[in-house]
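The values are calculated or read from the model by the stated rules, or taken from the named source; none is laboratory data. Source: prediction; values computed, not measured. All Cβ positions, glycine included, derive from the backbone under ideal geometry; neighbour counts span all protein chains shown.
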Amino acid sequence: MTERTNELPKSQERPLLEHLNELIVRARRALISLVIAFVIFFFFGITEVSFDGFNFPILYPNLFNSISSHFIELFIHTELPPQMKLLNLNPFDTLFSAAYVSFFLSLFIALPIIVHEIWGFVSPGLYEHEKRMAKMIVLPAFILFAAGSSFAYFVIIPVMMKFVLIYTTTLGVEPTLSLRAFINTVMSLMLTVGVAFEYPLVMSMLTLAGVVKAQSWRKNWRYGVLGAFIIAWFISPGTTGGVIETTIGVTLSTLYFVGVATSYLAERKRKSWGI
């Protein structure tokens with residue numbers, strides 16, 4: 001059986017209050033990093049200053065031309081069809097939209113610090129092979145999430161918006177959309193599809209941990225495909241008559257078979273570790 005290389009003798013075990021203290025300190029650091037990033041995105045803009053013939057970007061306080069507002073403008077110009085108009089239905093929809101975008105941007109920026117603090121708290125109690133597993137997850141998880149968010153941004157959202165535009169025009173309805181609803185849709189789809197793209201990584205990690213054999217993933221591929229379409233049904237906005245659901249379902253099904261292949265690699269890795 002694998003020994004814990006960093007396990008302390010019972011006489012030197014840290015008391016519960018010391019663990020709670022460390023948890024509070026690390027949680028505070030993660031929260032402070034998140035708040036600082038949020039304040040920067042929500043309250044600050046970027047301008048350029050010239051010095052000795054070179055231009056340097058600097059932050060400056062500007063609520064009305066903040067970094068988050070630039071991202072909102074980017075979403076409007078790239079995701080919204082020109083024929084569709086955005087409306088500010090409630091007095092603070094613009095502020096709520098900017099806050100929503102700022103939160104997700106700050107979460108993305110502060111994530112390395114949050115992961116570092118979580119790792120610093122849990123790593124002393126892990127086996128060596130568990131530490132190796134955790135380190136193996138970080139980069140693939142980031143790549144898969146970025147791929148899923150990009151897929152939502154460049155494929156799912158534009159198709160959905162065009163479908164809504166065509167359908168409302170056919171009905172003779174003015175194609176309008178609430179700003180807050182538009183931003184909520186963009187951010188939530190990028191988040192949920194990004195998480196859904198972790199499908200093959202979860203499969204591989206379950207195999208690496210010895211919970212599910214690679215052969216079981218291969219034998220039960222029909223259930224995997226069914227699960228892919230169920231996930232697609234849950235995360236889809238459901239406004240395109242099955243087009244988006246089918247697109248996400250087929251994509252996640254493909255990722256399932258990628259997960260089958262990587263689970264075999266994970267099984268070999270597990271054997272090489274002798275666990």
- Query: Mind checking whether some residue in segment 30-46 is among the β-branched types (Val, Ile, Thr), touching a Phe, Trp or Tyr at 6+ places or on another chain (Cβ under 8 Å) and over 18 Å from MET187 (Cα atoms)?
  - Reply: yes
The lone condition ILE46 fails out of (1) part of a strand (DSSP E or B); (2) out of contact with any helix residue (DSSP H, G or I) (no Cβ under 7 Å at 6 or more places or on another chain); (3) of a type outside the set (Phe, Trp, Tyr) is (2)
Among residues of segment 197-225 being among the charged types (D, E, K, R) and under 10 Å from GLY259 (Cα atoms), the residue surrounded by the most Cβ atoms within 10 Å (Cβ to Cβ) is GLU198
(1) free of Cβ contacts under 8 Å to residues at least 12 places away in the same chain; (2) on the phi < 0 side of the Ramachandran plot all hold for GLY242 apart from (2)
Considering segment 178-210, residues that are modelled with pLDDT of 90 or more and not in a helix (DSSP H, G or I), and then whichever is farthest from MET84 (Cα to Cα), we arrive at GLU198
Here the residues within segment 154-175 that are aliphatic (A, V, I, L, M) and either farther than 18 Å from LEU87 by Cα or part of a helix (DSSP H, G or I) (or both) are VAL155, ILE156, ILE157, VAL159, MET160, MET161, VAL164, LEU165, ILE166, LEU171
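State whether one or more residues within segment 137-144 are touching a Pro at 6+ places or on another chain (Cβ under 8 Å), in a helix (DSSP H, G or I), buried (at least 17 other Cβ atoms within 10 Å of the Cβ) and of a type outside the set (Lys, Arg). Even if it seems obvious, please write down each step before you answer.
Of the residues in segment 137-144, the ones touching a Pro at 6+ places or on another chain (Cβ under 8 Å) are 144.
Among the residues that remain, those that are also in a helix (DSSP H, G or I) are: 144.
With the extra rule that they be buried (at least 17 other Cβ atoms within 10 Å of the Cβ), the set shrinks to 144.
Next, only the ones that are of a type outside the set (Lys, Arg) stay: 144.
Yes; the residues of segment 137-144 include at least one that is touching a Pro at 6+ places or on another chain (Cβ under 8 Å), in a helix (DSSP H, G or I), buried (at least 17 other Cβ atoms within 10 Å of the Cβ) and of a type outside the set (Lys, Arg).
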Across (1) under 30 Å from LEU165 (Cβ atoms); (2) touching a strand residue (DSSP E or B) at 6+ places or on another chain (Cβ under 8 Å), ALA98 clears everything bar (2)
Yes or no: segment 63-86 includes at least one residue that is in contact with a Lys or Arg (Cβ under 7 Å, 6 or more places away or on another chain), in contact (Cβ under 8 Å) with a residue 12 or more places away in the chain, surrounded by 11 or more Cβ atoms within 10 Å (Cβ to Cβ) and over 29 Å from VAL115 (Cβ atoms). yes
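Of these, SER149, SER106, which one is touching a Gly at 6+ places or on another chain (Cβ under 8 Å), modelled with pLDDT of 90 or more and either of a type outside the set (S, T, N, Q) or surrounded by 15 or more Cβ atoms within 10 Å (Cβ to Cβ) (or both)?
Values: SER106 fails: touching a Gly at 6+ places or on another chain (Cβ under 8 Å).
On inspection, the qualifying residue turns out to be SER149.
Tell me whether segment 216-231 contains one or more residues that are farther than 26 Å from TYR100 by Cβ, not charged (D, E, K, R) and not in a helix (DSSP H, G or I). Show your work before the answer.
Kept after step one, since they are farther than 26 Å from TYR100 by Cβ, are these residues of segment 216-231: 216-230.
Now drop any that are not not charged (D, E, K, R), which leaves 216-217, 220-221, 223-230.
If we keep only those that are not in a helix (DSSP H, G or I) too, we end up with 220.
The answer is yes; a qualifying residue exists.
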Mind checking whether some residue in segment 253-271 is out of contact with any helix residue (DSSP H, G or I) (no Cβ under 7 Å at 6 or more places or on another chain), surrounded by fewer than 17 Cβ atoms within 10 Å (Cβ to Cβ) and under 23 Å from MET160 (Cβ atoms)?
-> yes
So, first residue farther than 23 Å from PHE182 by Cβ in segment 138-162, second residue at pLDDT below 90 and among the aliphatic types (A, V, I, L, M), Cβ within less than 8 Å, six or more apart or across chains; the pairs are VAL138/VAL115
Being of a type outside the set (A, V, I, L, M, F, W, C) and under 22 Å from THR246 (Cβ atoms) narrows SER123, SER149 down to just SER149
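Would you check which residues across segment 102-124 are of a type in the set (Gly, Ala, Ser), more than 20 Å from SER188 (Cβ to Cβ) and touching a residue at least 24 places away in the same chain (Cβ under 8 Å) and list them?
Within segment 102-124, the first condition is being of a type in the set (Gly, Ala, Ser), and the residues that meet it are 102, 106, 110, 120, 123.
Filter again for more than 20 Å from SER188 (Cβ to Cβ), leaving 120, 123.
GLY120 - this is the single residue of segment 102-124 that is of a type in the set (Gly, Ala, Ser), more than 20 Å from SER188 (Cβ to Cβ) and touching a residue at least 24 places away in the same chain (Cβ under 8 Å).
So if I check each of VAL202, VAL243, which one is within 18 Å of the chain's Cα centre (by Cα) and farther than 30 Å from PRO91 by Cβ? It would help to see each step written out before you state the result.
Values: VAL243 fails: within 18 Å of the chain's Cα centre (by Cα).
So the residue among VAL202, VAL243 that is within 18 Å of the chain's Cα centre (by Cα) and farther than 30 Å from PRO91 by Cβ is VAL202.
I'd like to know if segment 172-179 contains one or more residues that are under 18 Å from the mean Cα position of the chain (by Cα), under 25 Å from SER68 (Cβ atoms) and surrounded by 18 or more Cβ atoms within 10 Å (Cβ to Cβ).
Here is the first cut: in segment 172-179, the residues under 18 Å from the mean Cα position of the chain (by Cα) are none.
Scanning segment 172-179, I find no residue that is under 18 Å from the mean Cα position of the chain (by Cα), under 25 Å from SER68 (Cβ atoms) and surrounded by 18 or more Cβ atoms within 10 Å (Cβ to Cβ), so the answer is no.
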